[in-house]
Every structure is written in C-alpha cells, then in structure tokens.
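Asks: Sharing a structure below in structure tokens format, with a few things to ask.
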Amino acid sequence: MKKKYLLKHQIIFFLISILFCLYLLGPNYINPLNQTWLYNGDLSIYQLGWKFFRADEWQFPLGKNPNYGIYLGGSIVFSDSIPILAFIFKIFKNFIPNTFQYFSFWILICIYLQIYLAYKIIFYYSQNTFYSFISSLFFIISTIFIHRSGIHLSLMGHWLILLYFFISISEKLDNKENKKKYLILFSCLIHLYFTIILIIIYLIETLLKLKFNLKYIIKNLLYNSVFFISLILLMYVTGYF
C-alpha cells in the first residue's frame, strides 16, 4: 500500500514538473531537438561548449575540450555544460541528432528532484501529506531557483543540497557518511559551487560531532584525507586542472 501511495505522489510531482518546465521554457523549447533558445547570452556558452566537446575525440582528462576556448583550450567544466550529462551523451553521440541539447531535460529533472526531495524532508518533520505538498511547491517557485533557470542552468541543481539533508535525516539509509561523500564527489560533475557548499556543510557537521579525543581526531583526519584526495583526483580526471 505504501509503495502505491509513494508511486502516486511521484507521478503527481512528475506531472507538476512537466507543467512547470513548460511554463519556464514553453512548448517549443522543451523539445530536446530544439537548440534555438540556447544561442542568447550566457546560454550560448553552455550549448557551444557541449557541441565542441561532442565533436572532439575522447581525451585525457576526460573533460578536455581543446577546440573550445583560446590559447590552451578549455574544459567542459568551465563552459558550465553540466559535465556528467556531457559525458553520458557524448558516449551516444553517433546515435543522437546534431541539434540535440540536454538542457531542457536537465531543467525538468531539477524541478522534479527539487519538489520531490523538499516534500520528503518536510513530511519527515510534519507527517502531514497536505502540508508537505503545499510547502514543497514553494521550493520550485523560489525566486533564486527560477532566476537560475534563465541564466545559469547548471546552478539549478539545488536538489543536491536538499539530497544532502535528506540523507542526514533518513532513518532507512546505512553508511550515511559515505553517501554524503559520494554526493559531494558527484556534485563536482555538475558544478563546483555545489561542491564547495556541500563541503562547508559537511565540515560544520564534522566539527559539531568532534570529540576531543586524540585517537578520534587522528582517525577522523585520516578518514577525511582519503575523501579529499579522491575528490581532487576526480576533479583532475574531469578536467578541472
């Protein structure tokens, strides 16, 4: 019964996400084969970065985009082209049309995860379905969220922050600390801003839990050192350096 109830909510949230995406983009621009709306202002940087990256061969670092930019070329991470999606769709570049763009898909996913995770977090504290549903709507009509949808598309990933807090409060998840670290690692494949935000939240949490015990402090430092080295290596492979 609970699974059917959850599925019903997910369908409702997905329908709301489609409607809100149509409101933001319009019926023509939601089409992944329509790229005409991506040739104005900052939006052109994202699509051109993807098009140059798609046309090039795979290189190392994986995000290397030498034909886009000046002097020494650039990287897919610096054109704000949402690296994780650029990597995924580059694999299928021979099977997708030349006019393909994944940004309308990204906007839809961001809206859905924004409202769904907001609902889950609010429901955890309120245990009230109607209140949680109405409250979650405020997360997609947030002026900051809507403003990003027209300028900095990669920064619509506010759901990354919500997911971090959802992991913290979830009673069903095991190894929460590791999952938070995986999320931080994943965030650098979307935008470094989110990585920095999540690291700050993680460090504050760590300090609040800190026990003034020498063995505990050393263990914590070693544990987090491995994580930060992994983050730097992932950033290197992605093309940040």
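The values are calculated or read from the model by the stated rules, or taken from the named source; none is laboratory data. All figures in this text were calculated on a predicted structure; none of them were measured in a lab. As a convention, Cβ positions derive from the backbone with ideal geometry for all residues, glycine included, and neighbour counts pool all protein chains shown. For the accessible areas, the whole protein counts, side chains as well, though only heavy atoms, and no ligand, DNA or RNA atoms are used. Shrake-Rupley method; radii C 1.70, N 1.55, O 1.52, S 1.80 Å.
Asks: At q = 0.12, 0.13, 0.19 Å⁻¹, what log₁₀ I(q)/I(0) does the stretch 18-168 have when each alpha carbon counts as one equal point scatterer in the Debye sum?
Replies: Treating every Cα as an identical point scatterer, log10 I(q)/I(0) equals -0.57, -0.65, -1.12.
Asks: What per residue convex hull volume, in Å³, comes out for the stretch 172-241 when only alpha-carbon positions are used?
Replies: Numbers: hull volume 7.0 nm³, N = 70.
About 100 Å³ per residue, rounded to a whole number.
Asks: Helix-only mean residue ellipticity at 222 nm, the chain, DSSP H runs n ≥ 4 weighted -39,500 (n - 2.57), per residue, nearest 500. What is it?
Replies: Details: 10 runs with 156 residues, N = 241.
The helix-only estimate for the chain comes to -21500 deg cm²/dmol at 222 nm.
Asks: Right, next: In whole percent, and with a 1.4 Å probe on the protein chains, what portion of the accessible area of the chain is carbon and sulfur?
Replies: Answer for the chain: carbon and sulfur cover 71 percent of the accessible area.
Asks: Right, next: Working out 0.36 nm times the residue gap between Ile217 and Asn178, then minus their Cα-Cα distance, what length gain in nm do you get to one decimal?
Replies: Details: separation 39, 0.36 × 39 = 14.04 nm, distance 1.78 nm.
Here the segment from Ile217 to Asn178 would lengthen by 12.3 nm.
Asks: Moving on. Placing +1 at every Lys and Arg Cβ and -1 at every Asp and Glu Cβ, with all other atoms neutral, what dipole size does the chain have around its Cα centre, in debye to the nearest 20?
Replies: With Lys and Arg at +1 and Asp and Glu at -1, about 800 debye.
Asks: Now for a different question. If you average the alpha carbon positions of the stretch 152-181 and of the stretch 23-47, how far apart do those two centres end up, in angstrom?
Replies: Spelled out, the Cα-based centre of one part sits 28 Å from the other.
Asks: Express the relative contact order of the stretch 84-241 as a whole percentage, based on alpha carbon pairs under 8 Å and six or more residues apart in sequence.
Replies: For the stretch 84-241, the relative contact order is 18 percent.
Asks: What is the calculated FRET efficiency for Ile229 to Ile196, with r their C-beta to C-beta distance and R₀ = 25 Å, to the nearest 0.05?
Replies: Step by step, r from the Cβ atoms, then E = 0.90.
Asks: For the chain, return all DSSP H helices satisfying: extent of Cα atoms along own axis at least 18 Å; mean Kyte-Doolittle hydropathy at least 1.0. All intermediate terms of the calculation are to be shown ahead of the outcome.
Replies: Values: long enough: 2-25 (34 Å, 1.24); 43-55 (19 Å, 0.32); 103-126 (34 Å, 1.45); 192-209 (25 Å, 2.08); 214-238 (36 Å, 1.43).
Within the chain the helices that satisfy the rule are 2-25, 103-126, 192-209, 214-238.
Asks: Report the label-to-label distance for Tyr236 and Ser126 in nanometres (one decimal), using points 7 Å from each Cα along the Cα→Cβ vector.
Replies: 4.7
Asks: Another one. Could you state the accessible area per residue of the chain in Å², with a 1.4 Å probe and every protein chain left in place?
Replies: It amounts to 58 Å² per residue over the chain.
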